[in-house]
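Peer 1: I'd like to ask you about the structure that follows.
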Amino acid sequence: DAEITQSPRHKITETGRQVTLACHQTWNHNNMFWYRQDLGHGLRLIHYSYGVQDTNKGEVSDGYSVSRSNTEDLPLTLESAASSQTSVYFCASSSGGSYNEQFFGPGTRLTVL
Amino acid sequence: SQQGEEDPQALSIQEGENATMNCSYKTSINNLQWYRQNSGRGLVHLILIRSNEREKHSGRLRVTLDTSKKSSSLLITASRAADTASYFCATKTQGGSEKLVFGKGTKLTVNP
């Protein structure tokens, strides 16, 4: 069965370190998205991609970057982790078009000390 | 900025009762979707309603959409303890964007 996976599921890091969160989907979807979820804020879009070599900034992109070298993967990099980036991160993918439901990964809980 | 805003923020009911959650949004939409999130898990798509539709059903779920009021409601009938979760509405705006804008969610607790 097709799926979307994230790794690691839990990560503790220190302020200033570079961190990369992995997202891998086997749906063969063109569209991929990264969100962060914080209490009181719901889901906020960080970055998204509509295909290989395409990346776009979302609502809260400062301090984050993504790259899309193939259809299956969209890694999220925190260039220099800050305590404000402690959050739960979700990756999602969709095929797009009229029925653009998104399929979500299980999430990565990141703690920046 | 949040497009959808769910109401209420939290809802507690007894098993067998109906649960109604509302969502308001600000701009013209292509479609509106509802998602469920169980504690510690990712979101799961429940139902999608297009801007030219007024009502849609899926099992025990009923969704309505009123584009003149920019609002939607999700009704879960005959609720079960397993329905305990957070529910989010998400809107796809008109135009070519594939992005969804999520609300902050309604936390539903169904007591056995």
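The values are calculated or read from the model by the stated rules, or taken from the named source; none is laboratory data. Not measured: the values here are computed from a predicted model. As a convention, Cβ positions derive from the backbone with ideal geometry for all residues, glycine included, and neighbour counts pool all protein chains shown.
Peer 1: Being at the interface with another protein chain (Cβ under 7 Å from one of its Cβ atoms) and either part of a loop (DSSP other than H, G, I, E, B) or closer than 10 Å to A:CYS23 by Cα (or both) is the filter here, so list the residues in the stretch A:80-103 that pass it.
Peer 2: Passing the criteria: A:PHE90, A:GLY96, A:TYR99, A:ASN100, A:GLU101, A:GLN102.
Peer 1: Filter the stretch A:36-81 for residues that are charged (D, E, K, R) and within 24 Å of A:ALA2 (Cα to Cα); which is surrounded by the fewest Cβ atoms within 10 Å (Cβ to Cβ)?
Peer 2: By that ranking, first place goes to A:ASP54.
Peer 1: Within the stretch B:1-31, which residues are touching a Phe, Trp or Tyr at 6+ places or on another chain (Cβ under 7 Å) and among the hydrophobic types (A, V, I, L, M, F, W, C)?
Peer 2: Within the stretch B:1-31, B:MET21 is the sole residue that qualifies.
Peer 1: I'm checking my understanding of the structure. Among residues of the stretch B:1-41 that are modelled with pLDDT of 95 or more and not in a strand (DSSP E or B), which one is nearest to A:ILE46 (Cα to Cα)?
Peer 2: B:ASN38
This table checks each residue for (1) at the interface with chain A (Cβ under 9 Å from one of its Cβ atoms); (2) touching a Gly at 6+ places or on another chain (Cβ under 8 Å); (3) in contact (Cβ under 8 Å) with a residue 12 or more places away in the chain.
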position: B:PRO8; (1), (2), (3): no, no, yes
position: B:GLU17; (1), (2), (3): no, no, yes
position: B:TYR25; (1), (2), (3): no, yes, yes
position: B:VAL44; (1), (2), (3): yes, no, no
position: B:ASN52; (1), (2), (3): no, no, no
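Peer 1: Let me ask you something else. Quickly run through the stretch A:59-79 and pick out the residues that are in a loop (DSSP other than H, G, I, E, B) and closer than 18 Å to A:GLN25 by Cβ.
Peer 2: Residues satisfying the conditions are A:SER67, A:ARG68, A:SER69, A:ASN70, A:THR71, A:GLU72, A:LEU74, A:PRO75.
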